[in-house]
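Report on the following structure.
The values are calculated or read from the model by the stated rules, or taken from the named source; none is laboratory data. Since the structure is predicted, the reported quantities are computational estimates derived from the model, not experimental observations. Heads up, the Cβs are rebuilt from the backbone with ideal geometry, glycines too, and the neighbour counts pull from every protein chain shown. Accessible surface is based on the protein model in full, side chains and every heavy atom, while ligands, DNA and RNA are left aside. Shrake-Rupley method; radii C 1.70, N 1.55, O 1.52, S 1.80 Å.
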Amino acid sequence: MYESEAKLAEPNATMRSGVGNVRATVPREHRQTVGNTRVDNPRIRCNKLNVYYGDTHAIHDINLDVGNNEILALIGPSGCGKTTFLRCMNRMNDTIPGCRVEGEIIVDKQNVNSPEVDVVPLRARMGMVFQKPNPFPKSIYENVAFGPRIHGLTANKAELDEVVETSLVKAGLWDEVKERLDQPGTGLSGGQQQRLCIARAIAVQPEVILMDEPCSALDPIATAVIENLMVELRQNFTICIVTHSMQQAARVSNRTAFFHLGDLIEVGETNELFIRPGHQLTEDYITGRFG
Amino acid sequence: MLSLVLVLLLFSSIAYYVGRRRAFSAAGGQIRQLHSLPGYNGLYVALWCGLPALLVLLAWLSLEGAIIDNLVVAALPRDIIEQGAERVTLVLNEIQNVVSGTIYGEPDATVLAAAEHYRQLKSISHGALIGLTLVLPLAAGAYALRKINPRFEARNAVEGVITGLLLTSSTIAVLTTVGIVLSVLFESLRFFQSVPITEFLFGLEWSPQTAIREDQVGSSGAFGAVPLFAGTMLIALIAMLVAVPIGLMSAIYLSEYANVRFRAVAKPLLEILAGVPTVVYGFFAALTVAPFIRDAGGLLGLDVASESALAAGLVMGIMIIPFVSSLSDDVINAVPQAMRDGSYGIGATRSETIKRVIIPAALPGIVGGILLAVSRAIGETMIVVMAAGLAANLTANPLEAVTTVTVQIVTLLVGDQEFDSPKTLAAFALGLVLFVVTLFLNVIALYIVRKYREQYE
């Protein structure tokens, strides 16, 4: 994952020199997390999660719970490890050569971060939506039907049709595409493509949807549509979203976790964290003093 | 001649420095005052110094021989000229031999006199050429040097020359192609005057031996090309049956499964297959594979010709593997990682991802690569010449000997030929059809590849 420093500094370009100062003064040893990392009856519980890319220690000793039917926002400056953390939960880091994940990720009393666990059913339970819309170069119908087909979720064409329709309805795309399901998914607009990807993810009826900056490639109107969608999806799914937009985190999430240089600095109820941040770094970040 | 070129080079490099110095001093040492950098001014002078002289030199060298020949012939005694053009050519040959001192025996007086004349003309020409090469660059260089001043647009002029040079290079390639096509086309038209085009395209019998004498036997002269094209297609089909699965699967393995180290070793090794000379494949097919297939067939009680379509096709398939695998590997790698992530993210396994996402996404590119390989298979000559045989059988049995278009072109044109008989002209007609077919395949392939490229942009 790469974002330019300039893009990050964009909201407050004059603060760029400040970024260097903040980073220089941060001690490199592990920092204690402010706030309560645990929730009752979590959907996912991470214990002492560490990720290494070769020799680089990307995230350090993260303890964090994701509750049922909540939207957890992961925020923090680039390179802070939030996407890495997100990708641990469905073991997508397995596909990156040289990446090593240590620690426990407990889902339904089972540590899914152990080599014995098969990633195929795990990933079916944890749908993922990526930063850039990545519909397959197939028809809209085939894009949504992809997951149900490979997991054999439907017995016949009629059932598949129904899954495709309900998924597209849930993703708020049905009315726009119901007349042209046989057209290529790549022909849709950016926002529609991203909703198609969300429909594709929810077609396999996951428990959790992991979203990696799902709106960063979209304009404000498409972003608003997707944010509304997330709030609706919350009723059926648990959502974990990485975002660079503090406003987005504040608008949609229940809880927010702030990462910095591989450490989880602070976790809390979103309202609480944005109004009364418990850590100086969190306050500096959300008030735009660096980032 | 080499020394003249070296002298020109020397003059040009001197001209470069002089021109640069001149530009410097014209600007009074202030480079910003100049329209073009001093280097461009130097190049401008150097080009003026070298190029015209070089062109004159080349023109002189290519025309010198013909002009001297004409002058010598014109000075020959009238009775020789009256004996006709062939006699004149003979005498001219003799004269040239005398001049170069490679004659045996005693030439007659007229020839000796003419040889002396020839020698004189030659030395005059030589002296003039040297003079020209010394004077022309100096004059042209001085002309260019005088034009240098701070506002002179030397850069534009130099870049104009470079553009011209690039244009010339590209037109040479295009014009050569046009020339080949036209020559093949006209010869084919001559062929179609003696053999109707319908008979050529749809006739089922190929037997290009035409009778030289009235009473010659066994020379029917049938020009039906269907058996040749059937043979070509049969061998190309066998080759593709070998190359497409092996090439495609190795490409998938290399791009999706193999670790970096294996890939770094295996890919170049696979591409070495494309570097093996086709003649080596040819004798491998003829001397190793064909006997092996015949013996193996014999064990099974099959009657296999010693030059079978199967042997040629198999070896050709091996040869084409790198085309398919390399092109497929490229397009598979071009499928964005986001597609793979999307598929893995839903819980697809690696093979499901390959089958359902990567191959469909890369398919147009793969098809393009396969079509390029097909046109390569159809045009391939050496393997089939050595391994496929000459008998124009119209058969679909890969164990029989067949012949291909390219093999027939080779056999029609190798050796002493009369270039106006339908037999030799048939080669041009075959070449024309082959050209059209491969061109057509290439156009389709390029069209598909281009269409594919638009998908992710």
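For the reader, a short list of remarks on this structure follows.
- Every residue from the range B:328-361 that is more than 7 Å from chain A (Cβ to nearest Cβ), open to solvent by 10 Å² or more (accessible area, probe 1.4 Å) and among the β-branched types (Val, Ile, Thr): B:VAL331, B:ILE354, B:ILE359
- Among the residues listed as B:LEU204, B:LEU145, the single one being in contact with a helix residue (DSSP H, G or I) (Cβ under 8 Å, 6 or more places away or on another chain), modelled with pLDDT under 90 and farther than 30 Å from B:PRO38 by Cα: B:LEU204
- Residues within the range B:391-422 that are open to solvent by 40 Å² or more (accessible area, probe 1.4 Å) and touching a strand residue (DSSP E or B) at 6+ places or on another chain (Cβ under 9 Å), tallied: 2
- You will find that of A:PRO97, A:PRO133, A:PRO121, A:PRO77, the residue that is part of a helix (DSSP H, G or I) and not charged (D, E, K, R) is A:PRO121 and no other.
- Of all residues in the range A:48-73, those satisfying the criterion of being open to solvent by less than 10 Å² (accessible area, probe 1.4 Å) and under 15 Å from A:THR33 (Cα atoms) are A:LEU49, A:ILE59, A:ILE62, A:LEU64, A:ASP65.
- So B:ALA144, is it under 42 Å from the mean Cα position of the chain (by Cα), surrounded by 14 or more Cβ atoms within 10 Å (Cβ to Cβ) and not assigned by TED's automatic domain parsing to the domain that holds B:ARG78: no
- Candidates A:THR95, A:THR83 - the one that is within 14 Å of chain B (Cβ to nearest Cβ), open to solvent by 30 Å² or more (accessible area, probe 1.4 Å) and closer than 27 Å to A:VAL144 by Cα: A:THR95
- When B:LEU371 is tested against (1) in a helix (DSSP H, G or I); (2) among the hydrophobic types (A, V, I, L, M, F, W, C); (3) open to solvent by 60 Å² or more (accessible area, probe 1.4 Å), exactly one condition is not met: (3).
- The criterion of at least 2 residues that are over 29 Å from A:LEU160 (Cβ atoms) and open to solvent by 10 Å² or more (accessible area, probe 1.4 Å) is met, among helices (runs of 4 or more DSSP H) falling completely within the range A:171-268, by A:220-233, A:246-252.
- Exactly one residue out of B:ARG356, B:ARG376 is farther than 29 Å from B:PHE186 by Cα and part of a helix (DSSP H, G or I): that is B:ARG356.
- Taking the listed residues B:LEU248, B:LEU300, the one that is modelled with pLDDT under 90 and hydrophobic (A, V, I, L, M, F, W, C) is B:LEU300, with no other qualifying.
- Among (1) open to solvent by 10 Å² or more (accessible area, probe 1.4 Å); (2) away from every other protein chain (no Cβ under 14 Å) - the single one A:GLY76 does not satisfy: (1)
- Residues that are more than 22 Å from the chain's Cα centre (by Cα) and not in a loop (DSSP other than H, G, I, E, B) within the range B:391-423 comprise B:PRO422, B:LYS423, listed in sequence order.
- Any hit, the range A:139-162, residues being closer than 19 Å to A:PRO214 by Cα, more than 13 Å from chain B (Cβ to nearest Cβ) and open to solvent by 40 Å² or more (accessible area, probe 1.4 Å): no
Here is a yes/no grid of residues against (1) touching a residue at least 24 places away in the same chain (Cβ under 8 Å); (2) within 14 Å of chain A (Cβ to nearest Cβ); (3) outside any loop (DSSP other than H, G, I, E, B):
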position	(1), (2), (3)
B:ALA286	yes, no, yes
B:PRO291	no, no, yes
B:ALA305	yes, no, no
B:SER325	yes, no, yes
B:GLY389	yes, no, no
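- Residues in the range A:280-291 that are open to solvent by 30 Å² or more (accessible area, probe 1.4 Å) and touching a His at 6+ places or on another chain (Cβ under 9 Å): 0 in all.
- Yes/no for A:ASN134 being open to solvent by less than 10 Å² (accessible area, probe 1.4 Å) and in contact with a Leu (Cβ under 7 Å, 6 or more places away or on another chain): no
- Number of positions in the range A:100-118 that are open to solvent by 30 Å² or more (accessible area, probe 1.4 Å) and outside any strand (DSSP E or B): 5
- Among residues of the range B:232-263 being farther than 26 Å from B:GLY368 by Cβ and in a helix (DSSP H, G or I), the one that is least open to solvent (accessible area, probe 1.4 Å) is B:PHE262.
- The helices (runs of 4 or more DSSP H) falling completely within the range B:14-122 that include 2 or more residues that are at pLDDT 80 or above, in the same structural domain as B:PRO137 (by TED's automatic domain parsing) and within 20 Å of B:GLU159 (Cα to Cα) map to B:38-74.
- Pair list, Cβ < 7 Å and 6+ apart or interchain, from the range B:141-170 residues that are in contact (Cβ under 8 Å) with a residue 24 or more places away in the chain to residues that are charged (D, E, K, R): B:LEU145/B:ARG22; B:ILE148/B:ARG22
- Scanning the range B:1-39 for residues that are within 36 Å of the chain's Cα centre (by Cα) and either open to solvent by less than 70 Å² (accessible area, probe 1.4 Å) or of a type in the set (A, V, I, L, M) (or both) returns B:MET1, B:LEU2, B:LEU4, B:VAL5, B:LEU6, B:VAL7, B:LEU8, B:LEU9, B:LEU10, B:PHE11, B:SER12, B:SER13.
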